[in-house]
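The values are calculated or read from the model by the stated rules, or taken from the named source; none is laboratory data. Since the model is a prediction, treat every value here as computed from it, not as a measurement. Neighbour counts run over all protein chains shown; Cβ positions are idealised from the backbone, glycine included.
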Amino acid sequence: PGTRKYTGMVEDCCCDYETVDAINEEVLHPILQELVTLPFFRYFKVKLWCDCPFWPDDGMCRLRDCSVCECPDNEFPEPFKKPYSGLSLDNMICQEGKPQATVDRTLDTKVFKGWVETDNPWTYDDETDNAEMTYVNLQLNPERYTGYTGDSARRIWDSVYKENCPKYPSEEMCQEMKALYKLISGLHSSISVHIAYDYLLDESANVWGHNLPLLYDRVLKYPERVQNLYFTYLFVLRAVTKAADYLEQAEYNTDNPEEDLKTQSLVKQLFYNPKLRSACPLPFDEAKLWQGENGPELKQEIQKQFRNISAIMDCVGCEKCRLWGKLQVLGLGTALKILFSVDGENHLNQPLQLQRNEVIALVNLLNRLSESVNFVHEKGPSIEEVIKQQ
Ligand code: FAD
């Protein structure tokens, strides 16, 4: 193994590279890898057939591996089919005139009140948009090399980056815009890492494996892309730890008692892990953002930009890339909602409410980022060593 290239604090975060690698390897990666195989987290509801709102479909995908196999109706969990039984927002906020409100409002400490169907202001499509939604088994549709390249893929990334900072040259970018750019760039790095991790090395013999030169050319060669990957990982981790009470109390029922118990136990280990809490108690400090005098307007503007990025995912011309693009952007949108749509700890003003699909996206996104951090940490130094010697 070569020497460590990245040391010190991850830029704009509150944790250093060594700690991130250690907690990822020892704590988060093993828990997440198991969690995403369990029934609650492996079925994602998604609208795969949708018209691109920006330009005509130019989808070009070379491999059969582009297509997604959808779940037959009898495969995904029964409870996912039932309408939500959760309380409405009104029941949670408006306590006036209710006997329990006059007694002690704080008695009801349960923050999770059931899965809800509320729109996420950060995303373009979500669970409330039920038309043509299908369930996909993520375990059967891994994110990997699909052969989706060329103008179509390039146009998506170009539009996504243009959406990020339409007006400002980089030196004038405020820290909120910078954070949004880094989130997207970190996600892009992670997608590239997964392509390199699971690549079709020999098409005629159908041999899959690591493509280390691709990992170097697309990610490792650019320190900023690696830094942004770590930034995105810590940002999403902060959202997950901030929503820990809610997520720990949430209902993970799939009518499969044995598996559901395992889910509950892993969720607890993930959200209340003492090692994680002591090593990296505040992965990202969201309170630093939106402090300027134009904070509220800026938030609205960035929210609109992120919604547009989410809409662009409908234009991804390869089904499997679209599936993972939508899932991961919804996961980021959920992290943004947790960090910036709820006022501090005061859940009474604006209680945190999440959709089941948002939590599935959030945890799967964290798992993908965790895999990428792991692969970069494991392979990075040795590849750099080989390159140096050439
Ligand atoms: P691209 O990755 O297309 O990058 C385009 C340009 O963006 C680069 O030239 C560079 O200037 C800039 N750039 C690259 N990385 C970063 C970064 N981290 N930060 C900032 N700027 C950057 N392909 C698959 O095989 N499997 C998939 O699952 C898959 N999923 C995708 C999901 C989405 C949402 C999109 C848009 C594309 C997906 N693709 C997938 C395609 C893949 O991301 C690449 O676009 C494709 O492999 C072509 O790569 P490229 O080398 O031309 O550079």
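Screening H188 with (1) within 7 Å of the ligand (Cβ to nearest atom); (2) surrounded by 22 or more Cβ atoms within 10 Å (Cβ to Cβ) gives one miss only, at (2).
Just to be sure before I move on: is K262 away from the ligand (no atom under 16 Å from the Cβ), over 22 Å from N364 (Cα atoms) and charged (D, E, K, R) in the structure I sent?
Here the answer is no, as K262 does not meet what is asked.
When D245, D260 are checked against the criterion of being within 20 Å of K337 (Cα to Cα) and in contact with a helix residue (DSSP H, G or I) (Cβ under 9 Å, 6 or more places away or on another chain), D245 stands alone in meeting it. Could you check Y246 against (1) within 15 Å of the ligand (Cβ to nearest atom); (2) buried (at least 21 other Cβ atoms within 10 Å of the Cβ); (3) of a type outside the set (A, V, I, L, M, F, W, C) and say which number it fails? It fails just one condition, (1). Taking segment 215-233 as the range and being buried (at least 23 other Cβ atoms within 10 Å of the Cβ) and either of a type in the set (S, T, Y) or more than 16 Å from the ligand (Cβ to nearest atom) (or both) as the test, the residues that pass are Y230, T232, Y233.
Against the list (1) more than 23 Å from S190 (Cβ to Cβ); (2) modelled with pLDDT under 85; (3) surrounded by 17 or more Cβ atoms within 10 Å (Cβ to Cβ), the condition C165 fails is (1). Taking the criterion of being under 30 Å from G317 (Cβ atoms) and not in a loop (DSSP other than H, G, I, E, B), would at least one residue in segment 14-27 satisfy it? There is no residue in segment 14-27 that is under 30 Å from G317 (Cβ atoms) and not in a loop (DSSP other than H, G, I, E, B). Scanning segment 293-322 for residues that are in contact with a helix residue (DSSP H, G or I) (Cβ under 8 Å, 6 or more places away or on another chain), assigned to a helix (DSSP H, G or I) and among the hydrophobic types (A, V, I, L, M, F, W, C), which turns out farthest from R154 (Cα to Cα)? Across segment 293-322, the extreme among qualifying residues is L298.
Consider segment 210-259 and keep the residues that are under 16 Å from the mean Cα position of the chain (by Cα) and polar (S, T, N, Q). The one that is farthest from Y181 (Cα to Cα) is T241.
Considering only residues that are in contact (Cβ under 8 Å) with a residue 24 or more places away in the chain and charged (D, E, K, R), which ones fall in segment 297-334? Scanning segment 297-334 gives K299, R307, D314, E319, K320, R322, K326.
Checked against (1) away from the ligand (no atom under 12 Å from the Cβ); (2) at pLDDT below 90; (3) at negative phi, T149 passes all but condition (1). For Y216, the test of being more than 25 Å from T334 (Cβ to Cβ), touching a helix residue (DSSP H, G or I) at 6+ places or on another chain (Cβ under 9 Å) and assigned to a helix (DSSP H, G or I) is passed. Could you please find all residues in segment 193-213 being part of a strand (DSSP E or B) and away from the ligand (no atom under 11 Å from the Cβ)? Within segment 193-213, L201, D202, V207, W208, G209 qualify. In the condition set (1) of a type in the set (A, V, I, L, M); (2) more than 9 Å from the ligand (Cβ to nearest atom); (3) under 18 Å from E378 (Cα atoms), L180 is compliant with all but (3). In segment 337-347, is there at least one residue being more than 14 Å from the ligand (Cβ to nearest atom), at pLDDT below 90, within 19 Å of A179 (Cα to Cα) and not polar (S, T, N, Q)? Yes, that holds for at least one residue.
Taking each residue of segment 45-57 that is over 26 Å from P72 (Cα atoms) and among the acidic types (D, E) and looking for partners that are in a loop (DSSP other than H, G, I, E, B) and modelled with pLDDT of 80 or more with beta-carbon atoms closer than 9 Å, six or more apart or interchain, yields D57/G317. Evaluate the following for S278: is it within 16 Å of the ligand (Cβ to nearest atom), among the hydroxyl-bearing types (S, T, Y) and closer than 30 Å to K178 by Cβ? Taking the combined requirement at face value, the residue does not satisfy it.
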